[in-house]
Amino acid sequence: MILPIVKYGNPVLRKKGARIESVTPEIKQLIADMFETMEANHGVGLAAQQVGHALQLTVVDVREVKDRPSTLELKGKPADVADIMPLVLINPEVTPAGEPATGGEGCLSFPEIFAEITRPESVDVKALNEKGKVIEFRCGGLLARAVQHETDHLNGILFIDRMERKTKEEFRDELDALQAATKAELKKR
Ligand code: ZN
């Protein structure tokens, strides 16, 4: 089922996700719905907060993007990114492993807003997958950016928090308008 995407101004986006202790049938259904929702919206990642659940759960799939490379290392050896796609990360722990790199980012919760964001170029990731099994890998490029953007969501952090002050100022009117529209919509319910 395609779920409605929560927009900036909805308080759930600022909530830290609760840890998932076991992959129940409800969580499995949520994962399937999140993939469907992400694909329908042509996203490369989607966090549980973006569909209204404050949980440590995100899905990522970078295969659609051909012009921005990703890298993957499994146990220190280069691996094919496609081998771990689509990716489910439950209770992820992300550790920076590379120098800061700047690249363009958007967010399904911020329609029409795209900005340059600086983050470590590569990261080490440890998480549970959809089977509740521990997965560990090092990734770089777009995949590392997507993983960091999504893991931020799980902690209530948004990409506007990572923007340079000047960039955020440039979006000030759009951000205020989006926040006001979301709050007005929530009041109607
Ligand atoms: Zn986002």
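The values are calculated or read from the model by the stated rules, or taken from the named source; none is laboratory data. None of these values were measured; they are calculated from a predicted model. A quick note on method: Cβ atoms are made from the backbone with ideal geometry, for glycine too, and the neighbour counts reach across all protein chains shown.
Could you tell me whether Gly98 is within 16 Å of the ligand (Cβ to nearest atom), touching a residue at least 24 places away in the same chain (Cβ under 8 Å) and surrounded by 15 or more Cβ atoms within 10 Å (Cβ to Cβ)? Break it down into steps so the answer makes sense when it comes.
Numbers: within 16 Å of the ligand (Cβ to nearest atom): no; touching a residue at least 24 places away in the same chain (Cβ under 8 Å): yes; surrounded by 15 or more Cβ atoms within 10 Å (Cβ to Cβ): yes.
No: the conditions fail for Gly98.
Of the residues screened, Ala40 is one that is in contact (Cβ under 8 Å) with a residue 12 or more places away in the chain, among the aliphatic types (A, V, I, L, M) and farther than 16 Å from Val88 by Cβ. Filtering the range 75-104 to residues that are over 26 Å from Glu21 (Cα atoms) and assigned to a strand (DSSP E or B) leaves Lys77, Pro78, Pro100, Ala101, Thr102, Gly103, Gly104.
When each of Pro86, Pro25, Pro120 is tested for being more than 16 Å from the ligand (Cβ to nearest atom) and closer than 15 Å to Asp152 by Cβ, the lone residue that passes is Pro120.
Which of the residues spanning the range 16-29 are touching a residue at least 12 places away in the same chain (Cβ under 8 Å) and either surrounded by 19 or more Cβ atoms within 10 Å (Cβ to Cβ) or closer than 15 Å to Lys131 by Cβ (or both)? Give the derivation first.
First pass over the range 16-29, keeping only residues touching a residue at least 12 places away in the same chain (Cβ under 8 Å): 16-20, 22-23, 27-28.
Selection gives Gly17, Ile20, Ser22, Val23, Ile27, Lys28.
Based on this model, can you work out whether Glu112 counts as assigned to a strand (DSSP E or B), touching a residue at least 60 places away in the same chain (Cβ under 8 Å), within 19 Å of Lys7 (Cα to Cα) and within 16 Å of the ligand (Cβ to nearest atom)? Against the criterion (assigned to a strand (DSSP E or B), touching a residue at least 60 places away in the same chain (Cβ under 8 Å), within 19 Å of Lys7 (Cα to Cα) and within 16 Å of the ligand (Cβ to nearest atom)), Glu112 qualifies.
When the range 129-170 is filtered for residues that are aliphatic (A, V, I, L, M), in a helix (DSSP H, G or I) and under 20 Å from Ala101 (Cα atoms), the ones remaining, listed by number, are Leu142, Leu143, Ala144, Ala146, Val147, Ile160. When Lys126 is tested against (1) surrounded by fewer than 18 Cβ atoms within 10 Å (Cβ to Cβ); (2) in a helix (DSSP H, G or I); (3) modelled with pLDDT of 95 or more; (4) not β-branched (Val, Ile, Thr), only condition (2) is not met.
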